[in-house]
1. From the set of residues in the stretch 268-287 that are open to solvent by 20 Å² or more (accessible area, probe 1.4 Å) and under 19 Å from the mean Cα position of the chain (by Cα), which is nearest to V258 (Cα to Cα)?
2. Consider R358 against the criteria (1) surrounded by 13 or more Cβ atoms within 10 Å (Cβ to Cβ); (2) over 30 Å from T165 (Cα atoms): it satisfies all of them except one. Which criterion is unmet?
3. Return yes or no: is F333 open to solvent by 10 Å² or more (accessible area, probe 1.4 Å), among the aromatic types (F, W, Y) and touching a helix residue (DSSP H, G or I) at 6+ places or on another chain (Cβ under 9 Å)?
4. Can you tell which of A354, A323 is of a type in the set (G, A, S), at pLDDT 95 or above and not in a loop (DSSP other than H, G, I, E, B)?
5. Residue under question is E49, and the condition is that it be open to solvent by less than 10 Å² (accessible area, probe 1.4 Å), out of contact with any helix residue (DSSP H, G or I) (no Cβ under 7 Å at 6 or more places or on another chain), among the acidic types (D, E) and part of a helix (DSSP H, G or I); does it hold?
6. Considering each of T148, T165, T179, T152 in turn, give the residue that is crowded, with 22+ Cβ neighbours inside 10 Å and not hydrophobic (A, V, I, L, M, F, W, C).
7. Among L126, L143, L135, which is the only one that is over 24 Å from G52 (Cβ atoms) and either at pLDDT 95 or above or of a type in the set (A, V, I, L, M) (or both)?
8. Quick check on the stretch 74-84. Is at least one of its residues under 20 Å from V139 (Cβ atoms) and either open to solvent by 20 Å² or more (accessible area, probe 1.4 Å) or among the hydroxyl-bearing types (S, T, Y) (or both)?
Amino acid sequence: MSSVNRETPPAAGGRAGMKKDLPEHFQAYRHVWVFIELERGEVHPVSFELLGEGRKLADKLGVQLAGVVLGPPGEASWYAVAQAFAYGADLVYIVETPLLADYRNEPFTRAMTDLVNQYKPEILLLGATMRGRDLAGSVATTLLTGLTADCTQLDVDPDGSLAATRPTFGGSLLCTIYTLNCRPQMATVRPRVMAMPPRMDKPVGKVVQHKLSMLEDEIVTKVLGFLPDTQSVKANLAYADVVVAGGLGLGGAENLQVVTKLARALGAEYGCSRPLVQKGWMPAERQIGQTGKTIRPKLYIAAGISGAIQHRVGIEGADLIVAINTDANAPIFDFAHIGIATDAIRFLPALTEAFTRRLSPHNRDKLAS
């Protein structure tokens with residue numbers, strides 16, 4: 001048998017070797033930052049979820065947790081600052097300028113990269129929203145660092161490296177990714193993947209104000225106006241307390257009414273698994289799972305959904321999962337809290353009637369019609 005010399009240093013190409021060779025100028029990078037996403041006076045809830053997760057990382061590393069607010073001068077930006085402290089930030093960096101009133105990639109990227117280059121965070125977290133994804137990619141490219149997108153778990157190794165875990169190979173595997181020889185270590189996390197931390201009433205702490213070294217003439221994209229979409233009915237799956245969803249087991253698009261009627265009776269949102277969107281039975285905004293919405297409801301009712309790993313990734317944060325499927329061996333029964341092996345097309349109308357009678361007896365005739 002061959003013996004192993006424990007004093008032999010690891011190969012230069014290995015993970016330990018790369019960590020050991022971290023350039024000296026990167027050793028000054030410390031602290032955990034969270035981008036506080038502000039849009040028209042409202043802070044996206046994913047920012048608070050990331051502050052809760054960032055708090056855990058910062059405590060493990062023994063460093064500070066900071067929020068980053070990029071916005072226009074005025075009350076909205078300072079409201080975001082106050083909210084960052086309420087959800088756990090130790091300090092907040094703020095860049096206030098009219099150039100940041102509406103999201104444009106160029107000024108937001110310049111503001112964030114300027115902050116990073118001057119104050120040197122070790123970890124930078126952003127929400128995997130439309131805005132966060134766009135900003136994260138351009139910031140990582142500008143800073144020549146790594147970015148792990150759509151993470152489902154964040155942790156730090158004993159040596160202090162960020163361990164960012166995300167699904168891969170179509171959701172069949174989970175892989176943990178490290179950014180070893182670059183700083184900051186960046187990751188995005190989709191809304192509702194992480195739990196919402198408790199809000200604390202606390203005063204505003206240390207705020208670092210930074211000026212943006214950019215002029216309007218340097219920005220190619222111009223904002224001509226803002227037209228809100230008042231006609232479309234947007235799904236609010238990510239933040240619904242109760243969600244009812246249907247899958248291929250329902251047999252056809254015409255049977256989705258059993259899902260929508262139950263959702264209406266419960267005052268819930270409704271959704272579906274990916275195959276239904278692919279067949280055109282439901283719009284993409286109703287899709288739940290790895291490539292759709294991640295949800296954390298108090299109650300999730302899945303009707304005719306087999307429970308493949310891609311779907312499980314999007315629902316496993318639910319407090320109570322009730323699965324209804326004719327196949328007693330369906331994968332969803334392995335992780336559902338309550339499993340009912342029966343035909344959902346017959347069971348859901350009975351469930352709807354029972355809930356209607358219990359919750360709103362005066363509306364049951366109207367609901368049945």
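The values are calculated or read from the model by the stated rules, or taken from the named source; none is laboratory data. Treat the numbers as computed from the prediction; the structure is a model and nothing was measured. As a convention, Cβ positions derive from the backbone with ideal geometry for all residues, glycine included, and neighbour counts pool all protein chains shown. Calculation scope for accessible area: heavy atoms of the full protein, side chains included, ligands and nucleic acids excluded. Shrake-Rupley method; radii C 1.70, N 1.55, O 1.52, S 1.80 Å.
1. Per the criteria, the residue is E269.
2. R358 satisfies every listed condition except (1).
3. Taking the combined requirement at face value, the residue does not satisfy it.
4. After ruling out the rest, the residue left standing is A323.
5. Criteria met by E49.
6. Answer to the check: T148.
7. L143
8. Yes, there is a match, as at least one residue in the stretch 74-84 is under 20 Å from V139 (Cβ atoms) and either open to solvent by 20 Å² or more (accessible area, probe 1.4 Å) or among the hydroxyl-bearing types (S, T, Y) (or both).
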